[in-house]
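The values are calculated or read from the model by the stated rules, or taken from the named source; none is laboratory data. Note that this is a predicted model, so its numbers are computed, not measured. Counting neighbours? That spans all protein chains shown, and the Cβs are built from the backbone with ideal geometry, glycine included.
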Amino acid sequence: MLQTTSRLLAHAKNHGYAVGAFNTNNLEYIQAILEAAEEAQSPVIIQAAGSEIDYMDGYVFTDIVRRITGRMSIPVAINLDHGESYDRSIQCIQYGFTSVMFDGSRLSFEDNIAVTRDVVKAAHAAGISVEGEIGIIGGTAEIEDMLDHSQELSNPEECRYFVEQTGVDCLAASIGTAHGLYKAAPKLDFERLKTIAALTKVPIVLHGGTGVPAADIKQAISLGVAKINFSTVVRQACISQMKVTLADDPDNLDLMNILGRSKDAMKKAVIDMMTMCESVQKAENWQ
Ligand SMILES: [Zn+2]
């Protein structure tokens, strides 16, 4: 059944786990995420960024997710990842997403507050939730520099003010993770996370979940993280399997076989991440 992200995150916080949020951009990728969640009996957030939505067509995306989810018992949220504008958020509300993220982290602090507040107003009127972002969560290439310049990580006092001013339901905070593949395990600033969670009182979202060690994920959850984003790890599983499939049989022209084997690999990667988030079996007796 479709749910807002804030309902999923409230359940996660109450039961001491995090909900995995998985990016997607094609049919097998959508099937892999939802089938993994049903198999693991795990709540799940399926999400797409602007370029992914444009690639799939937002209405087609939500129609497929609704159709598959309608046959399942687990709670599912459809989220806009890194919404780049107010207009993109409105578009996704119209597509039938159940939450949107507005990423104004590269705007001035004041402009980020102003636009996020407008997004919250529109989204809450439509009954859906909003994720805001403070501090820049860059790519893994940028992270080395960021660790040397801790002012680019989220400032806890700014986080508190931002949440109070905008009314966001959850907050993506920059605490040392990045998008993409890490060269060495990332160093998470747990002290900062703890302070941000205490001051804002909203669930914290961890971006760049791929490659974060299980022990760090566990600690992050205990300090207030309730949503963890994964993208690279699933695409990597898909493409690695595709290379094996084609190396095994270079003349294979059965697309269902090639994509189907990759779908199974993605499913396995998603279940592995759900296990790390400790969300497996948490959809049982969902109310
Ligand atoms: Zn992100």
Q.
Ile134 - would you say it is modelled with pLDDT under 95, among the β-branched types (Val, Ile, Thr) and either within 21 Å of the chain's Cα centre (by Cα) or farther than 17 Å from Pro203 by Cα (or both)?
A. yes
Q) Which of the residues belonging to the range 93-142 are within 16 Å of the ligand (Cβ to nearest atom) and part of a helix (DSSP H, G or I)? A) Asn112, Thr116, Thr140, Ala141, Glu142
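So that you can scan it fast, the table gives a plain yes or no per residue for (1) closer than 22 Å to Ile74 by Cα; (2) free of Cβ contacts under 8 Å to residues at least 24 places away in the same chain; (3) aliphatic (A, V, I, L, M):
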| site | (1), (2), (3) |
| --- | --- |
| Lys201 | no, no, no |
| Asp216 | no, no, no |
| Ala226 | yes, no, yes |
| Asp249 | no, yes, no |
| Cys277 | yes, no, no |
| Lys282 | yes, no, no |
Q: Could you tell me which numbered condition Phe102 fails, if it satisfies all but one of (1) over 26 Å from Lys268 (Cα atoms); (2) within 18 Å of the chain's Cα centre (by Cα); (3) in contact (Cβ under 8 Å) with a residue 40 or more places away in the chain?
A: (3)
Q) With respect to the numbered conditions (1) within 16 Å of the ligand (Cβ to nearest atom); (2) touching a Lys or Arg at 6+ places or on another chain (Cβ under 9 Å); (3) among the β-branched types (Val, Ile, Thr), which one is the sole condition not fulfilled by Thr166? A) (1)
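Given the structure, is Leu9 touching a strand residue (DSSP E or B) at 6+ places or on another chain (Cβ under 8 Å) and either within 16 Å of Ile221 (Cα to Cα) or among the basic types (Lys, Arg) (or both)? Working first, answer last.
Values: touching a strand residue (DSSP E or B) at 6+ places or on another chain (Cβ under 8 Å): yes; either within 16 Å of Ile221 (Cα to Cα) or among the basic types (Lys, Arg) (or both): yes.
In short, yes.
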Q) Among Asp248, Asp264, which is away from the ligand (no atom under 16 Å from the Cβ) and exposed (fewer than 13 other Cβ atoms within 10 Å of the Cβ)? A) Asp248
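How many residues, within the range 61-88, are more than 29 Å from Glu284 (Cα to Cα) and in contact with a helix residue (DSSP H, G or I) (Cβ under 9 Å, 6 or more places away or on another chain)? Talk me through it step by step, then tell me what you get.
First, the residues of the range 61-88 that are more than 29 Å from Glu284 (Cα to Cα): 82-88.
Now restrict to residues that are in contact with a helix residue (DSSP H, G or I) (Cβ under 9 Å, 6 or more places away or on another chain): 82-86, 88.
Number of matching residues: 6.
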Q) Within the range 75-92, restricting attention to residues that are among the acidic types (Asp, Glu) and over 14 Å from Ile45 (Cα atoms), which residue is farthest from the ligand (Cβ to nearest atom)? A) Asp87
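Conditions tested, residue by residue: (1) within 15 Å of the ligand (Cβ to nearest atom); (2) farther than 30 Å from Gln31 by Cβ; (3) hydroxyl-bearing (Ser, Thr, Tyr); (4) surrounded by 15 or more Cβ atoms within 10 Å (Cβ to Cβ).
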residue	(1), (2), (3), (4)
His179	yes, no, no, yes
Ala185	no, yes, no, no
Val202	no, yes, no, yes
Gly211	yes, no, no, yes
Val225	yes, no, no, yes
Phe230	yes, no, no, yes
Lys243	no, no, no, no
Asn252	no, no, no, no
Q | Failed item in (1) at pLDDT below 95; (2) among the aliphatic types (A, V, I, L, M); (3) within 16 Å of the ligand (Cβ to nearest atom), with Ala172 passing the rest | A | (1)
Q) Looking at the range 47-64, which of the residues that are hydrophobic (A, V, I, L, M, F, W, C) and buried (at least 24 other Cβ atoms within 10 Å of the Cβ) is farthest from Cys170 (Cα to Cα)? A) Phe61
